[in-house]
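Every read-out reported here was derived from the displayed coordinates using simple, explicitly stated rules and does not represent laboratory data. A quick note: this is a predicted structure, and the numbers were derived from the prediction, not measured.
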Amino acid sequence: MRKLLIALAIMLVSAQAHAQMGGGKHRGGGRQTSAGDADKQKRMAKEEAAAKAAMKTVPDSTEKYDPWKIGK
């Protein structure tokens, strides 16, 4: 009975670890085509340009930030 409980506990722990690590068989596989890589590069460049443009609209702070201001 004791051996059965130990085996069951080990099986449950290993099943949880297997679920967390993803298993390996069902990861999505397959490489992207070169056209997919080019599209990804274009999308990343467009997103980066949009992020830089958004950062230009944020005004510069003229005063030093005081994290304890709320608690005073």
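Compute the length gained on full extension between K52 and D39: take 0.36 nm times their separation in residues and subtract their Cα-Cα distance, giving the result in nm to one decimal.
Working: separation 13, 0.36 × 13 = 4.68 nm, distance 2.00 nm.
Result for the pair: 2.7 nm of gain on full extension.
Give me the extension gain from S61 to M11: residue separation times 0.36 nm, minus the current Cα-Cα distance, reported in nm with one decimal. Intermediate results must be reported in sequence, preceding the final value.
Values: separation 50, 0.36 × 50 = 18.00 nm, distance 5.70 nm.
Extending this stretch completely gives an extra 12.3 nm.
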